[in-house]
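Colleague: Pasting a structure below so you can have a look.
Just so it is clear, none of the values below were taken in a lab; they were calculated from the coordinates. Note that the structure is predicted; figures quoted are calculated from it, not measured. Glycine also receives a Cβ, built like all others from the backbone with ideal geometry; neighbour counts cover every protein chain displayed.
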Amino acid sequence: MKFVAPLVACLLLFGCNDETTQQPFEQACTDPRPQICTMDYNPVDGYLETGEWKSFSNACNACSHPQVLGYKEPDENSEQQKVSPP
């Protein structure tokens, strides 16, 4: 019984610790990177390692770029620089 109170206290302390970092993108790119992508047009904004956003024609093209960490749907006011696949 004397071990229950410290255990509950530890769980409460560590349960309140939120160390998850919020990513600026909605979907992360995973390895292995795509080697071939379709030519469909469904634009996304890719988030680069440099902290910049660039527009790509679709998610596959964004993730095939080696510097893209993730992507998100473009905003209405988005005027990102258009880039071609690597």
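Colleague: With a Förster radius of 22 Å, plug the Cβ-Cβ distance of Q22 and E73 into 1/(1 + (r/R0)^6) and report the FRET value to the nearest 0.05.
Modeller: Values: r = 17 Å, r/R0 = 0.77.
That gives a FRET efficiency of 0.85.
Colleague: How would you rank 59-67, 41-49, highest first, on the average number of other Cβ atoms within 10 Å across their residues?
Modeller: Working: 59-67: 20.3, 41-49: 17.4.
Averaged packing, sorted descending, gives the order 59-67, 41-49.
Colleague: Can you tell me the length gained on complete extension of the stretch Q35 to E49, counting 0.36 nm per residue apart and subtracting the Cα distance?
Modeller: Values: separation 14, 0.36 × 14 = 5.04 nm, distance 1.96 nm.
Extra length available between Q35 and E49 comes to 3.1 nm.
Colleague: Then there's this: Quick query: amide H of N58 versus all other amide H atoms, modeled in the peptide plane; which residues come in under 5 Å with a sequence gap of 5 or more or a different chain?
Modeller: Correct list: N42, V44.
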